[in-house]
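Student: Next up is a structure, given as structure tokens.
The values are calculated or read from the model by the stated rules, or taken from the named source; none is laboratory data. Since the model is a prediction, treat every value here as computed from it, not as a measurement. Every residue, glycine as well, gets a Cβ built from its backbone with ideal geometry; the counts of neighbours run over all protein chains shown.
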Amino acid sequence: MKKGPKKLLLLDFDGVIVNSIDECLLTSYNAFQKFENNGVSLALDLSDITPPQQKYFNLYRKFVRPAGEYYLLHRAYKDKIEIIDSKSYHELLIFYKDKLPYYQKEFFNERKRLRLVNREKWLRLHSVYNNLAECWNILINIFNIYIVSNKDKASIILLMNHFNLLVNENQIFGAENGNDKSIIITNIINENSAEPDNVYFIDDNLDNLINVKKIGIKLYLAMWGYGNPDENEDSTIKEIYHDNILQSLI
């Protein structure tokens, strides 16, 4: 009996496959210094960033979607905004929206510079989520896997190779493909002539999932990532945990 086409599994990258919070802190901090302060006081490593600023960044990383939005965290910290919630973050997003595309270019330039200066040190700023990595070979036999991320494709490829996770490079969609995941996912579905009900999407950012809900695919909020699961009031967005990935998808 001939098997039908594989189901599609679409994965966000940061906060789903790899924990990159330290790298994003270092990169975004230096990009902010260059963007706002002409490169004064660049950090060589995380120890050059004060513990309070690291704590602040880690606490509010959950709000960031495209890389340009890291600007908002460093701007808010500099302006001594003590607490950020969804409402105040949205206000920051509107107020600084014209700056974000220019800062995003600085961010990716800084990431490229850090990779070139010392690739091994850059790689060590990341860790893989072990539970996902351990079931990766099972997943690639069941699903046709795509990565849909706001991270640049070159970094994704380097890290997937570093952690020995096989994926077709042509099925990696990074920041170069735009920030609207609904458009990217729709194109992937059309290219595969897939039924939306056979498409699974895992992201740790609730806004990303809500944004693609209209497509009609199966949505999962990664509970091991950076997102804020307490804000999920949508029963169609299922929560997926690190210790039951296979059970949730199969």
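Student: Is it the case that the range 173-187 has a residue that's of a type outside the set (S, T, N, Q), assigned by TED's automatic domain parsing to the domain that holds Ile237, touching a His at 6+ places or on another chain (Cβ under 9 Å) and not in a helix (DSSP H, G or I)?
Tutor: Among the residues of the range 173-187, not one is of a type outside the set (S, T, N, Q), assigned by TED's automatic domain parsing to the domain that holds Ile237, touching a His at 6+ places or on another chain (Cβ under 9 Å) and not in a helix (DSSP H, G or I), which makes the answer no.
Student: Do we have any residue at all in the range 47-54 that's under 25 Å from Asp12 (Cα atoms) and not in a loop (DSSP other than H, G, I, E, B)?
Tutor: Within the range 47-54 (the criterion being under 25 Å from Asp12 (Cα atoms) and not in a loop (DSSP other than H, G, I, E, B)), the answer is yes, since at least one residue qualifies.
Student: Sticking with this one: Report yes if Asn164 is more than 16 Å from Trp136 (Cα to Cα) and either modelled with pLDDT of 90 or more or part of a loop (DSSP other than H, G, I, E, B) (or both), otherwise no. First the steps, then the outcome.
Tutor: On the way: more than 16 Å from Trp136 (Cα to Cα): no; either modelled with pLDDT of 90 or more or part of a loop (DSSP other than H, G, I, E, B) (or both): yes.
Considered against the rule, which asks whether it is more than 16 Å from Trp136 (Cα to Cα) and either modelled with pLDDT of 90 or more or part of a loop (DSSP other than H, G, I, E, B) (or both), Asn164 comes out as no.
Student: If you take the residues in the range 202-250 that are of a type in the set (Lys, Arg) and assigned to a strand (DSSP E or B), which one is surrounded by the most Cβ atoms within 10 Å (Cβ to Cβ)?
Tutor: Checking each candidate, the answer is Lys218.
Student: How many residues are without any contact (Cβ under 8 Å) to a residue 12 or more places away in the chain and in contact with a Phe, Trp or Tyr (Cβ under 9 Å, 6 or more places away or on another chain) if we restrict to the range 169-196?
Tutor: Residues in the range 169-196 being without any contact (Cβ under 8 Å) to a residue 12 or more places away in the chain and in contact with a Phe, Trp or Tyr (Cβ under 9 Å, 6 or more places away or on another chain): 1 in total.
Student: Report every pair of residues separated by at least 6 positions or lying on different chains whose Cβ atoms are under 6 Å apart, first residue within the range 8-21 and at positive phi, second of a type in the set (D, E, K, R).
Tutor: Gly15/Asp204
Student: A further question follows. Within the bounds of the range 117-128, is there any residue that is in contact with a strand residue (DSSP E or B) (Cβ under 9 Å, 6 or more places away or on another chain) and over 18 Å from Ala175 (Cβ atoms)?
Tutor: yes
Student: Filter the range 119-164 down to the residues that are among the hydroxyl-bearing types (Ser, Thr, Tyr) and either within 24 Å of Leu249 (Cα to Cα) or without any contact (Cβ under 8 Å) to a residue 40 or more places away in the chain (or both) and list them by number.
Tutor: Ser127, Tyr129, Tyr146, Ser149 - these are the residues of the range 119-164 that are among the hydroxyl-bearing types (Ser, Thr, Tyr) and either within 24 Å of Leu249 (Cα to Cα) or without any contact (Cβ under 8 Å) to a residue 40 or more places away in the chain (or both).
Student: Restricted to the range 65-93, and to residues that are in a loop (DSSP other than H, G, I, E, B) and in contact (Cβ under 8 Å) with a residue 24 or more places away in the chain, which residue is surrounded by the most Cβ atoms within 10 Å (Cβ to Cβ)?
Tutor: Per the stated criteria, the residue is Ile84.
Student: Condition (residue is among the β-branched types (Val, Ile, Thr) and within 18 Å of Ala31 (Cα to Cα)) applied to the range 109-117: is it met by at least one residue?
Tutor: yes
Student: Only one of (1) of a type outside the set (Asp, Glu); (2) buried (at least 16 other Cβ atoms within 10 Å of the Cβ); (3) in contact with a helix residue (DSSP H, G or I) (Cβ under 8 Å, 6 or more places away or on another chain) is not met by Pro196, so which one is it?
Tutor: (2)
Student: State all residues of the range 98-114 that are charged (D, E, K, R), surrounded by fewer than 18 Cβ atoms within 10 Å (Cβ to Cβ) and touching a helix residue (DSSP H, G or I) at 6+ places or on another chain (Cβ under 9 Å); if no residue qualifies, say none.
Tutor: Answer for the range 98-114, where residues must be charged (D, E, K, R), surrounded by fewer than 18 Cβ atoms within 10 Å (Cβ to Cβ) and touching a helix residue (DSSP H, G or I) at 6+ places or on another chain (Cβ under 9 Å): Lys99, Lys105, Lys112, Arg113.
Student: Based on what the data block shows, is Lys34 part of a helix (DSSP H, G or I), under 16 Å from the mean Cα position of the chain (by Cα), outside the structural domain of Asn205 (by TED's automatic domain parsing) and of a type in the set (Lys, Arg)?
Tutor: Criteria not met by Lys34.
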